[in-house]
Amino acid sequence: MVKHRCKQKEKGLNRVLLILVILLMNITAKAQTLSLEQCIDTALIYNRNIKLSQHDVEISTEKNREIRGNLLPKLNGIADYRYYTDLPYQIMPAEAFGGPAGTYKEVQFGVPQSMNANLQLAVPLFNSTALKCCKNLKNSY
């Protein structure tokens, strides 16, 4: 008798669980409805091929700008300042300075401070490859 009641309780619990699962499935199974325009927009946004082709277009426009930039003049400037705290010594024969023969004297060459400046201007007069590329670009548009 006790076993019979346990089986009835199990059947009742199984029925309740089954009803709950069916109700939950109905709630979550509702589909999202989209219009044709929304589907097309979503496909265009998430399409990998379209994104790759857009990146290719961006790369080609940057390459075009680079080719045109090769025809422009370029100006480079460099400035350099050096301060030598300890100038190196060199050993010279003392005879060169009117001293006795066979003796040597320590001599320092150079200045303790040095400043250099350099400007370089490069103007392309004729660049056939860049000109051909620019002509091809104009024809492609």
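Show me the helices (runs of 4 or more DSSP H) found entirely inside the stretch 1-70 where at least 1 residues are within 30 Å of V123 (Cα to Cα) and modelled with pLDDT of 75 or more. Walk me through it before giving the result.
Values: elements: 2-28, 36-46, 48-69.
Fully inside the stretch 1-70 and qualifying: 48-69.
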What are the residues in the stretch 71-87 that are in contact with a Leu (Cβ under 8 Å, 6 or more places away or on another chain), assigned to a loop (DSSP other than H, G, I, E, B) and surrounded by 10 or more Cβ atoms within 10 Å (Cβ to Cβ), if any?
-> L71
Go through (1) closer than 30 Å to N136 by Cβ; (2) not in a strand (DSSP E or B) one by one and return the number of the condition A101 breaks.
-> (1)
Does S60 satisfy the condition of being in contact (Cβ under 8 Å) with a residue 12 or more places away in the chain, surrounded by 11 or more Cβ atoms within 10 Å (Cβ to Cβ) and not acidic (D, E)?
-> no
Can you work out which of the residues in the stretch 104-140 that are assigned to a helix (DSSP H, G or I) and surrounded by 10 or more Cβ atoms within 10 Å (Cβ to Cβ) is modelled with the lowest pLDDT?
-> L137
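The values are calculated or read from the model by the stated rules, or taken from the named source; none is laboratory data. The model shown is predicted, which means the values in this text are computed figures rather than measured ones. Every residue, glycine among them, receives a Cβ derived from its backbone with ideal geometry; neighbour counts consider all protein chains shown.
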